[in-house]
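A.B. asks: After the structure tokens below, expect a handful of questions from me.
The values are calculated or read from the model by the stated rules, or taken from the named source; none is laboratory data. Since we're looking at a predicted model, the values are computed, not measured. Cβ coordinates were reconstructed from backbone atoms using ideal geometry, including for glycine residues, and neighbour counts include every protein chain displayed. In case anyone asks, the SASA skips ligands and DNA or RNA and just uses the protein heavy atoms, side chains included. Shrake-Rupley method; radii C 1.70, N 1.55, O 1.52, S 1.80 Å.
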Amino acid sequence: MKNIIRIVLIFGFSKALLLGQGILSADIEQKVDVLLSQMTFAEKIGQMTQFSGINEDYEALVRKGQIGSFLNVIGAEETNRIQKIAVEESRLGIPLVIGLDVIHGYRTIFPIPLAASASWDTVLIRKAAEIAAKEAASAGIHWTFAPMVDIARDARWGRIAEGAGEDPFLGAAVARAQVLGFQGEDLSDPLTLLACAKHYVGYGAAEGGRDYNTVDVSERTLREIYLPPFKAAVDAGVGTLMSAFNEIGGVPTSANQFTLRTILKGEWGFNGFVVSDWNSIGELVAHGIAKDRLEAGVKGLTAGIDMDMEGRCYTSDMEALVADEILSEELINDAVRRILRIKFYLGLFEHPYIDENIQKELILHRDHIQTALDLARESIVLLKNEKSVLPLNRKKLNSIALIGPLANDKDSPLGTWRCQGRQEDVVTVYEGLKNKFGDDVKIIYVKGCDVKNNSCSGFDKAIKAVQKADVVVMVMGESADMSGEAASRADLNLPGVQAELINAIAETNKPIVLVLMNGRPITLSNIESKVSAIVEAWQLGIQHGNAVADVLVGDVNPSGKLTATFPRTVGQIPIHYNHKNSGRPNISLDKFTSKYIDLPSSPLYPFGYGLSYTEFKYTGIEVENNRLAPSDELVVNINVKNAGSCDGVEIVQFYIRDLVGSVTRPVKELKGFQRVSLKAGELKTVQFRIPVRNLGAYDLDMNYTVEPGEFSIMVGGNSIDGLTTTVEVVRLK
Ligand code: GLC
């Protein structure tokens, strides 16, 4: 039935590419078939090969049609030059597809993805991706290796910085927004980018939080936690996925037929192509499932990896295997078909070159910088504000002691994967405060210490500055190279002697405003009580300093909410809000419950948490129909009032819990959220309309099922506090 529908629908479409719905364009499929039939074996393998950078040897291979893609080629001039060789000098003139890691901006650098996710603003996140696409495409890039949609429950893992945190529902919403932002309405628009959901799959579940390490999760956990953001990306029409470095339960993801063929290309009907991560096919030898690169190539291709990034495992040596019927050429044909299909949809055959004049108009356009500031402002999370020490009172302010190794640092705001971002474009916190106050307020800046080394020689000068100032603002955290790829940390405290500097300044008894700059949740228990306010400012991109200054003085009321749990200590990891109850939950003083004897079980700051300069009050939760069939819609209304004195935005969160299922269910699951703007004193009724189908889970037989029974509902401003009610799902007669 599905195939018949697909044939009928095809004739109704011109070139609409809806990969996620498996709807293809007949004329493109025909062009692919014709081209494929003309290709030699070497040319087919060439399309499946991607190299990084260009050299004379590669140019010669391009002329032979034996390279289909490059990454890390920068600038319209250079990409046009190599493209000209492919299109005008090779036998079939098949254009190259050129990729780059445009993760959170090309030259206009936005907040790192973990920060942006804390805005919960999928509209603005999409807009940032659109801008990144315009800038990168104007520079000759066709394809970004983004969005990174790996769910991460372990802050030791450096790549938590690149994703949307720990929750599959929010992660799916952000993944969709980024794919739509990068790819736009039409992949053939020269100012859009082909997107690539990565790293498929389970990469964030590495044991010990150590990058590239072993992953061993159940199929149920895979389907309920790690796969949903990839499914959302596929449903949004993502054209490519990238496999990962890790294994899952003994099978590396770059040789995993279950995840790649059974789920992705089978169940989900994915019609784009899969690229390996950098040499992740070649690494099958190190994993110990291939004796050499040729066997690794066979395993990668058989599993469903269509393009080999820098692995040199898809080679003409495979031709002999085909001749000996060890390897089916249909596998190769399917891979090439998928790659050619995307190249046609990208319009590369019609317009292989980029107008080299566009980039200078687009890159760092003032509108792009404004969007970077807007998203930076919304990404800031207020974690503590004792005695409302914030916002700073400009009328009474004469001097600020600005202390810390990151207070005037041009590099760390760019974060990891900064693409073509430049330090010269960055506004530091010091510069942001100068922009804000001019000469009206004296800013005494003292670095005090470095990020990593243990020298305390700057402490005295910092203390003297504090003694002279009305207010102390300390800007501390991680340097950009302490998160991202191959940057796992075993200790999540502030590095170096930053905590010692905070303690030394605290001795002056002046209230401390701590501004954090970090690429992951860090542990703050050793300094939390020493500071009056904590502003989580992450690494916000080029407008970092202006956004922080706006929040510190109250020109912007912070609205961000954490998308990854902040543990009390690293010993609590893995720690996440949607945990299971276990048979002995730590909800009593009973000794024999699941807990630590030396620490509370709760996190320091939970998922969904963030304060405001105003106060939001929730009243009157009401379910419109509390007996529901699986095909119904759950409708819940709640009143939210801005009971404070300044306007604000509240991210209202909707959680469920299936109280009794055929399998254990998390104590909470996010199933909806809304950003609600409320003026001081304003009250709004917020309505959630949730398909009951979304309350399901994978039952004992691994079938996605909405099981009858009682569900509790919680609606509030974080994953801990809210108003609750219950509904019942009934089995249809
Ligand atoms: C890296 C990363 C991947 C990136 C690729 C190309 O190793 O794992 O995220 O897209 O190589 O740079």
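A.B. asks: Please report how far the C-alpha centroid of the range 166-222 lies from that of the range 389-450, rounded to the nearest whole angstrom.
C.D. replies: 33 Å
A.B. asks: How much accessible area does residue 598 have with a 1.4 Å probe, in Å² rounded to the nearest 10?
C.D. replies: 130 Å²
A.B. asks: Also, quick follow-up: Just how large is the dipole of the chain about the Cα centre, in debye to the nearest 20, putting +1 at every Lys and Arg Cβ and -1 at every Asp and Glu Cβ? If you can, show how the numbers build up before the last one.
C.D. replies: On the way: 76 positive and 91 negative charges, 417 e Å.
Around 2000 debye, computed over the chain.
A.B. asks: Work out the length of the dipole vector of the range 376-572 about its Cα centre, built from +1 on the beta-carbon of each Lys and Arg and -1 on the beta-carbon of each Asp and Glu, and round it to the nearest 20 debye. Working shown, then result.
C.D. replies: On the way: 23 positive and 22 negative charges, 100 e Å.
I would put it at about 480 debye.
A.B. asks: I've got another one for you. For the chain, what is the calculated [θ] at 222 nm in deg cm²/dmol (nearest 500), taking -39500 (n - 2.57) for each run of four or more DSSP H residues and dividing by its residue count? Can you show the working numbers first?
C.D. replies: Numbers: 19 runs with 194 residues, N = 733.
For the chain, the value works out to -8000 deg cm²/dmol.
A.B. asks: Count charges around residue 45 for me, please; just the other residues with Cβ under 10 Å from its Cβ, Lys/Arg as +1, Asp/Glu as -1.
C.D. replies: Details: positive: 44; negative: 43, 308, 317, 319.
Summing Lys/Arg as +1 and Asp/Glu as -1 gives -3.
A.B. asks: Let me ask something else about it. Taking a probe of 1.4 Å, how large is the accessible area per residue of the chain, in Å²?
C.D. replies: Numbers: 27380 Å² over 733 residues.
Ligands and nucleic acids excluded, the figure is 37 Å² per residue.
A.B. asks: While we're on this one: How big is the antiparallel share of DSSP beta bridges in the chain, given as a percent to the nearest 5?
C.D. replies: On the way: 48 of 90 bridges.
Here the antiparallel bridges make up roughly 55 percent for the chain.
A.B. asks: Compute the Cα gyration tensor for the range 321-428, then decide on rounded, prolate or oblate, letting a ≥ b ≥ c be the square roots of its eigenvalues: rounded whenever a/c is under 1.5, prolate when a/b is larger than b/c in the other cases, and oblate in all that remain. Write down the numbers at each step before the final one.
C.D. replies: Numbers: a/c = 3.64, a/b = 2.38, b/c = 1.53.
Prolate.
A.B. asks: Between 258, 279, 289, whose Cα lies farthest towards the positive end of the dipole of the range 256-329 when Lys and Arg beta carbons carry +1 and Asp and Glu beta carbons carry -1, centred on the Cα centre?
C.D. replies: Result: 258.
A.B. asks: Helix by helix through the chain, keep the DSSP H runs that span 18 Å or more along the axis on Cα and average at least 0.5 on Kyte-Doolittle, and give those back in order. Please report the intermediate quantities before stating the final value.
C.D. replies: Working: long enough: 26-38 (19 Å, 0.01); 76-89 (19 Å, -0.95); 122-138 (24 Å, 0.41); 168-183 (22 Å, 0.93); 329-345 (24 Å, -0.16); 366-379 (20 Å, -0.86).
In the chain, the long hydrophobic H runs are 168-183.
A.B. asks: A further question on this structure: Roughly what % antiparallel, to the nearest 5, for the DSSP beta bridges in the range 181-290?
C.D. replies: Numbers: 2 of 10 bridges.
The answer is about 20 percent antiparallel.
A.B. asks: What is the sum of charges, Lys and Arg at +1 and Asp and Glu at -1, for the other residues whose Cβ falls under 13 Å from the Cβ of residue 457? List each step's numbers first, then the result.
C.D. replies: Details: positive: 447, 461; negative: 450, 460, 500.
Its environment carries a net charge of -1.
A.B. asks: Using heavy-atom solvent-accessible surface (probe 1.4 Å) with all chains present, what is the largest-first order of 338, 261, 520, 627?
C.D. replies: Details: 338 20, 261 60, 520 0, 627 135 Å².
The ranking, largest first, comes out as 627, 261, 338, 520.
A.B. asks: Taking the Cα centre of the range 616-729 as origin and charging only Cβ (+1 Lys, Arg; -1 Asp, Glu), how large is the dipole, in debye to the nearest 20? Provide the component values of the computation, followed by the final result.
C.D. replies: On the way: 12 positive and 15 negative charges, 88 e Å.
Here the range 616-729 has a charge dipole of around 420 debye.
A.B. asks: Ranking request for peptides 484-492, 41-49, 580-588: highest mean number of other beta-carbon atoms within 10 Å first, then the rest in descending order.
C.D. replies: Result, highest mean Cβ count within 10 Å first: 41-49, 484-492, 580-588.
A.B. asks: Around residue 504, with a cut-off of 13 angstrom between Cβ atoms, what is the net charge of the other residues, counting Lys and Arg +1 and Asp and Glu -1?
C.D. replies: Numbers: positive: 461, 464, 510, 530; negative: 460, 500, 507.
Cβ neighbours under 13 Å give a net charge of +1.
A.B. asks: Take every DSSP beta bridge whose two residues both sit in the range 2-358, then give the antiparallel share in percent to the nearest 5. Provide the component values of the computation, followed by the final result.
C.D. replies: Working: 3 of 24 bridges.
The answer is about 10 percent antiparallel.
A.B. asks: Name the shape class, rounded, prolate or oblate, that the alpha-carbon gyration tensor gives for the range 376-572, where a ≥ b ≥ c are the square roots of its eigenvalues, rounded holds for a/c under 1.5, and otherwise prolate holds if a/b is larger than b/c and oblate otherwise. Don't jump to the answer; show the numbers that get you there.
C.D. replies: Values: a/c = 1.36, a/b = 1.17, b/c = 1.17.
Here the range 376-572 falls in the rounded category.
A.B. asks: At R0 = 25 Å, how high is the FRET efficiency between residue 330 and residue 56 if r is their beta carbon distance? Nearest 0.05 is fine. Don't skip to the end; give the middle numbers.
C.D. replies: Numbers: r = 35 Å, r/R0 = 1.39.
The pair residue 330/residue 56 has a calculated efficiency of 0.10.
A.B. asks: Set the Förster distance to 41 Å, then compute FRET efficiency between residue 593 and residue 631 from the Cβ-Cβ distance, nearest 0.05.
C.D. replies: On the way: r = 39 Å, r/R0 = 0.96.
After rounding to 0.05, the efficiency reads 0.55.
A.B. asks: Looking at this model, which pairs from 530/561; 134/668; 410/452; 134/447; 510/617 are more than 27 angstrom apart at the alpha-carbon? Numbers along the way, then the final one.
C.D. replies: On the way: 530/561 23 Å; 134/668 39 Å; 410/452 16 Å; 134/447 38 Å; 510/617 32 Å.
Over 27 Å Cα-Cα: 134/668; 134/447; 510/617.
A.B. asks: Another question, then. Using a 1.4 angstrom probe with every protein chain in place, what is the largest-first accessible-area order of 452, 468, 231?
C.D. replies: Details: 452 100, 468 140, 231 70 Å².
Ranking 452, 468, 231 by accessible area, largest first, yields 468, 452, 231.
A.B. asks: Further question on the same structure: Just the number, please: carbon plus sulfur as a percent of the accessible area of the chain, 1.4 Å probe, no ligands or DNA/RNA counted. Don't skip to the end; give the middle numbers.
C.D. replies: Working: 13670 of 27380 Å².
Percent of accessible area from carbon and sulfur atoms in the chain: 50.
A.B. asks: A further question follows. Is the shape of the range 2-358 best called rounded, prolate or oblate, per the rule: a/c under 1.5 gives rounded, else a/b larger than b/c gives prolate, else oblate, with a ≥ b ≥ c the square roots of the Cα gyration tensor eigenvalues?
C.D. replies: Values: a/c = 1.37, a/b = 1.12, b/c = 1.22.
Rounded.
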